[in-house]
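One structure is given here, and the rest of the page talks about it.
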Amino acid sequence: MTRRAFVAGIATAGLLSSQRRDDGGIPARVADVVLGIEHAQIEVASGRTVSTTTYNGTAPGPLIRMREGVPTSVEIFNRTEVPEYVHWHGLEISAELDGTPEEGSLAVPANGSLRYEITPLQAGSRYVHSHAMAMTDLSRGVYSGQFAFVYVEPRRNPGRYDQEIFLSTHEWEPRLEPEQSDESAEEDEDETESGSMEIRYGIRSINGKALGHGEPIRVREGQRVLFHVLNASATENAQLHLPGHKFYVVSLDGNPVPRPSHVSVLELGVGERVDAFVEMNNPGIWILGAVDDEVRRSGLGIRVEYALRQGEPQFARSGDLPWDYLRFGLKRSAPKADEVIPMRFLRVPPDQHGMEKWSINGHVYSETDKPEVLTCGRRYRFAFNNRTPEAHPLHLHRNTFEVVRIGANAATGIKKDVIVLQPYQKAEVDFVPRQRGLVLFHCHQQMHMDMGFKRLFQVV
Ligand SMILES: [Cu+2]
């Protein structure tokens with residue numbers, strides 16, 4: 001085991017203590033979670049190594065386990081030449097520790113370190129990742145390997161299972177290319193001018209390995225496997241299936257749903273998490289991976305092997321239980337909101353550099369924007385209206401919202417921190433801010449976020 005792997009995750013007592021002393025010369029206690037932001041080579045496939053910035057030398061970084069309501073000390077060492085922002089996605093913590101420049105959070109200085117304590121208030125699947133602005137530097141932000149799964153252990157057990165498996169999707173070798181026209185462009189009238197740029201990737205992975213290059217998931221017939229899935233992509237929404245099997249979805253973005261249900265396909269926008277049980281009742285060799293053949297062949301998949309089975313993976317079409325948030329909610333209307341905040345999303349055509357921008361209510365975010373004031377304890381409703389031909393994974397920081405309407409359908413009970421708004425779709429989400437300070441709202445597609453798809457609130 002390398003030293004790096006040894007230090008990963010919940011820090012091992014004693015190992016780092018010799019390196020750190022407080023001013024009185026007394027050895028400082030090792031933090032519960034130690035993250036080293038550092039460059040590393042990641043072997044995504046044999047002979048295919050990417051050079052990137054990571055947490056603790058691997059991508060994904062270490063699986064970080066915390067406990068609901070238990071204060072957790074975190075120490076972050078930045079071994080790079082640039083300041084970094086480490087964002088605790090889905091944790092309701094102070095703006096100071098949330099890890100974004102927009103909220104005025106503490107940065108991890110270049111070649112420096114930062115130590116603090118956080119208390120996860122909600123159990124479930126969470127996520128830690130870089131919140132640096134990338135713009136056209138595709139080595140930064142979530143394009144890099146700076147991401148890790150955070151699992152907050154519930155006070156009570158989530159149920160019986162034989163195996164627990166964590167999966168994170170990610171793409172590598174990003175490049176900017178002129179957008180290729182496709183059918184969706186026809187709907188978009190301003191697509192007639194050329195020069196728009198989009199992100200393309202060389203290779204995709206689950207848990208940092210392209211399909212066929214990592215260790216398979218080994219199961220036995222009759223097992224009940226709990227999958228924790230995270231979309232840690234910078235820009236790509238994912239559709240995953242496991243042919244011959246169904247997913248029994250119990251939580252979205254780490255929060256238990258009121259109506260757990262079976263689906264054939266998991267759909268995760270950037271930043272979303274899904275927890276689902278699978279009954280292993282179809283022995284064979286299978287691929288848990290992208291529904292799209294091309295995406296799966298470019299690496300987004302992992303072999304699932306039943307004991308005593310070998311050979312090539314079987315092919316099967318996905319079942320007929322489609323993904324739909326409403327499947328997991330209750331068909332009831334939410335209480336009236338104290339205030340409705342409409343948000344209309346538009347695409348701003350590319351400028352002379354070929355970069356399109358994104359606006360909310362006609363405004364492209366600027367650092368000089370004054371945050372809009374919200375009051376603690378009031379029930380706010382965001383009324384989203386997507387006037388673009390793209391899906392957007394919309395993320396609210398430091399808060400959990402409840403999906404209360406998608407299109408014409410009312411719902412309650414679906415609690416999330418990211419919602420994918422489909423092209424030209426409308427949806428409404430409610431939230432009651434409980435902590436003061438700045439709160440960032442943005443599209444989690446990194447390029448959209450960097451190009452103006454952001455809005456800042458101040459809770460008083
Ligand atoms: Cu977007």
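The values are calculated or read from the model by the stated rules, or taken from the named source; none is laboratory data. Quick caveat: nothing in here was measured; it's all calculated off a predicted structure. Note that each Cβ is placed from the backbone with ideal geometry, even for glycine, and that neighbours are counted across all protein chains shown. The area values use the complete protein model at the heavy-atom level, side chains included, leaving out ligands, DNA and RNA. Shrake-Rupley method; radii C 1.70, N 1.55, O 1.52, S 1.80 Å.
Here are some notes:
- Enumeration of residues in region 448-460 that are among the aliphatic types (A, V, I, L, M) and either within 17 Å of the chain's Cα centre (by Cα) or within 10 Å of the ligand (Cβ to nearest atom) (or both): 449, 451
- Tally of residues being at pLDDT 95 or above and either in a loop (DSSP other than H, G, I, E, B) or over 25 Å from the mean Cα position of the chain (by Cα) (or both) across region 349-365: 5
- Qualifying residue in region 401-413 (condition: under 22 Å from residue 365 (Cβ atoms) and part of a loop (DSSP other than H, G, I, E, B)): no
- Pick from region 405-416, criterion of a type outside the set (D, E, K, R) and either without any contact (Cβ under 8 Å) to a residue 12 or more places away in the chain or in contact with a Ser or Thr (Cβ under 8 Å, 6 or more places away or on another chain) (or both), ranking: surrounded by the fewest Cβ atoms within 10 Å (Cβ to Cβ): 408
- Of all residues in region 56-92, those being within 13 Å of residue 397 (Cβ to Cβ) and open to solvent by less than 10 Å² (accessible area, probe 1.4 Å) number 4.
- Which numbered condition residue 373 fails, given (1) touching a residue at least 24 places away in the same chain (Cβ under 8 Å); (2) more than 12 Å from the ligand (Cβ to nearest atom); (3) outside any strand (DSSP E or B); (4) over 28 Å from residue 123 (Cβ atoms): (3)
- Taking the criterion of being away from the ligand (no atom under 16 Å from the Cβ), outside any loop (DSSP other than H, G, I, E, B) and open to solvent by less than 10 Å² (accessible area, probe 1.4 Å), the residues of region 417-447 that qualify are 430, 431, 439.
- Residues of region 376-404 that are open to solvent by 10 Å² or more (accessible area, probe 1.4 Å) and within 14 Å of the ligand (Cβ to nearest atom): 385, 387, 389, 390, 391.
- Single residue of 294, 272 found to be acidic (Asp, Glu), free of Cβ contacts under 8 Å to residues at least 40 places away in the same chain and closer than 30 Å to residue 146 by Cβ: 294
- So residue 368, is it among the β-branched types (Val, Ile, Thr), away from the ligand (no atom under 16 Å from the Cβ) and in a loop (DSSP other than H, G, I, E, B): yes
- Only one of the numbered conditions (1) out of contact with any Lys or Arg (no Cβ under 7 Å at 6 or more places or on another chain); (2) of a type outside the set (Gly, Ala, Ser); (3) closer than 20 Å to residue 436 by Cα; (4) outside any loop (DSSP other than H, G, I, E, B) is violated by residue 394, and that is (3).
- Answer residue from region 298-313, given it is of a type in the set (Gly, Ala, Ser) and open to solvent by 30 Å² or more (accessible area, probe 1.4 Å) and is modelled with the highest pLDDT among those: 298
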